[in-house]
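**Student:** Submitted below is the structure of interest, expressed as structure tokens.
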Amino acid sequence: MMCKLRSHFVTSVRIAHPMGGRPSPDAFGKVFHLASPLQDSVGVITPSSLHYVATTRGSYIPDIDPKKHTLTIHGLVDQPLTLTMEDLKRLPSVTRLQFIECAGNRHNGRQKTVQESHGMTSCAEWTGVLLSTLLKECGLKSSATWFVAEGAEEVKGASSMPIAKAMDDCLIAYGMNGEAVRPQNGFPLRLLAPGFEGIFNTKFLRRIKVVDRYYMNYNEFGHLDRDPKEAALGFQIGPKSVITYPSGGRQLPGRGFYEIRGLAWSGGGAVRTVEVSTDGGRKWNPAEFKGTPQRMALTRFSYAWNWDGNETEILSRCTDEIGQHWARSGCGG
Ligand SMILES: Nc1nc2c(c(=O)[nH]1)N[C@H]1C(S)=C(S)[C@@H](COP(=O)(O)O)O[C@H]1N2
Ligand SMILES: [Mo]
């Protein structure tokens with residue numbers, strides 16, 4: 001009996017994404033990006049098998065034995081900690097819907113489908129321990145202002161983030177969509193820095209160092225021009241929205257009713273408003289939300305449309321709960 005697989009009539013897959021013009025995988029077979037098929041998505045959860053993947057650290061996907069894996073927290077703490085996966089699973093857990101988006105996820109004028117232009121974002125239900133729980137256990141020294149998170153690959157690719165972010169909502173996740181985090185997404189443990197550029201969400205997390213300054217390191221190439229004091233806001237994604245149905249490359253059968261659907265998200269918090277235009281931006285109409293928008297999660301919106309059969313352009317735009325309506329352009333991995 002075929003019970004493990006989806007119907008063979010369903011053919012939607014991730015595609016290699018030429019992020020930043022680089023082929024995927026690159027000439028060394030190491031850097032690769034896989035884009036999620038947003039045009040076929042329904043609801044807001046990306047199944048793990050279709051979650052986008054960005055691997056940027058000159059790395060293979062590490063094959064980590066969770067029984068041997070540990071997370072060490074050290075640096076400017078009273079008591080450094082080394083935790084096994086079992087230790088982590090004993091601690092109070094939280095479960096959250098959370099989007100991740102690669103900073104390079106945007107239209108460049110050449111992509112034909114929403115998967116090609118915006119497939120480097122996904123939203124999963126993540127389960128784990130709040131980083132604040134662990135830092136309270138360690139005890140932060142008063143000089144602790146930044147932290148650096150490190151993965152297990154040969155290129156550590158640590159990222160500096162303000163300690164305020166760690167205490168606010170960073171999550172150390174071992175669960176993804178009701179099962180263990182998938183290898184491509186960081187098994188057995190990853191950091192989630194809600195709303196920050198994808199690159200900050202360190203996969204294969206094995207070390208967190210608490211420090212007293214912004215560390216310049218491998219991952220900061222996108223942030224080198226920033227004043228460290230202003231960097232925290234600069235790390236944020238969005239707000240953004242895209243139409244997923246009907247979208248590029250799809251043929252509509254004919255005039256008549258269509259529910260236009262799309263996804264909106266923001267690193268600033270919950271999406272507040274989405275508007276849709278069906279006439280190339282002349283008139284903007286309020287979209288409806290499918291469910292209540294959640295902080296740092298993809299939000300599904302819709303707009304009821306009667307197509308007259310004439311050529312037109314469908315657009316969307318959004319704002320978030322802190323009133324932002326711009327999309328910053330980052331570089332990232
Ligand atoms: N250890 C490690 N963490 C990493 C990366 C990586 O290559 N190695 N890639 C980063 C980048 S650039 C992005 S956009 C996100 C992608 O997460 P995903 O592959 O689970 O979608 O992970 C980030 N964390
Ligand atoms: Mo990325």
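The values are calculated or read from the model by the stated rules, or taken from the named source; none is laboratory data. Everything numeric in this text was worked out from a predicted model, so none of it was measured. Because the Cβ atoms are built from the backbone with ideal geometry, glycine has one as well, and the counts that use them run over all protein chains shown.
**Student:** Please find, within region 157-176, the residue that is farthest from the chain's Cα centre (by Cα) out of those that are outside any strand (DSSP E or B) and crowded, with 18+ Cβ neighbours inside 10 Å.
**Tutor:** Looking at residues that are outside any strand (DSSP E or B) and crowded, with 18+ Cβ neighbours inside 10 Å, I get 163.
**Student:** Just to be sure I understand, how many residues within region 255-294 are in a loop (DSSP other than H, G, I, E, B) and either in contact with a Cys (Cβ under 6 Å, 6 or more places away or on another chain) or at positive phi (or both)?
**Tutor:** Result for region 255-294: 4.
**Student:** Still on this model: Any residue in region 140-157 that's free of Cβ contacts under 8 Å to residues at least 60 places away in the same chain and away from ligand 2 (no atom under 16 Å from the Cβ): show its pairings with residues that are part of a loop (DSSP other than H, G, I, E, B) and of a type outside the set (A, V, I, L, M, F, W, C) at Cβ separation under 9 Å, as long as the two are six or more apart or on different chains.
**Tutor:** Pairs found: 150/156; 150/157; 150/202; 150/206.
**Student:** Let me ask something else about it. Out of the residues in region 242-296 that are polar (S, T, N, Q) and touching a strand residue (DSSP E or B) at 6+ places or on another chain (Cβ under 6 Å), which is nearest to residue 118 (Cα to Cα)?
**Tutor:** The qualifying residue nearest to residue 118 (Cα to Cα) is 244.
**Student:** Considering 125, 86, 137, 101, which residue is in contact (Cβ under 8 Å) with a residue 24 or more places away in the chain, acidic (Asp, Glu), away from ligand 1 (no atom under 14 Å from the Cβ) and not assigned by TED's automatic domain parsing to the domain that holds residue 269?
**Tutor:** 137
**Student:** For residue 65, only one of the following conditions fails: (1) closer than 14 Å to residue 181 by Cα; (2) touching a residue at least 60 places away in the same chain (Cβ under 8 Å); (3) among the acidic types (Asp, Glu). What is its number?
**Tutor:** Residue 65 satisfies all of (1) closer than 14 Å to residue 181 by Cα; (2) touching a residue at least 60 places away in the same chain (Cβ under 8 Å); (3) among the acidic types (Asp, Glu) except (2).
**Student:** Sticking with this one: Taking region 177-213 only, how many residues are outside any loop (DSSP other than H, G, I, E, B) and either small (Gly, Ala, Ser) or within 16 Å of ligand 2 (Cβ to nearest atom) (or both)?
**Tutor:** 10
**Student:** Run residue 86 past the list (1) away from ligand 2 (no atom under 16 Å from the Cβ); (2) modelled with pLDDT of 95 or more; (3) touching a strand residue (DSSP E or B) at 6+ places or on another chain (Cβ under 9 Å) and report the number of the one that doesn't hold.
**Tutor:** Answer for residue 86: the failing condition is (3).
**Student:** Now for a different question. Hey, could you check region 34-82 for residues that are within 16 Å of ligand 2 (Cβ to nearest atom) and assigned to a strand (DSSP E or B) and say which is surrounded by the most Cβ atoms within 10 Å (Cβ to Cβ)?
**Tutor:** Once the filter is applied, the top-ranked residue is 35.
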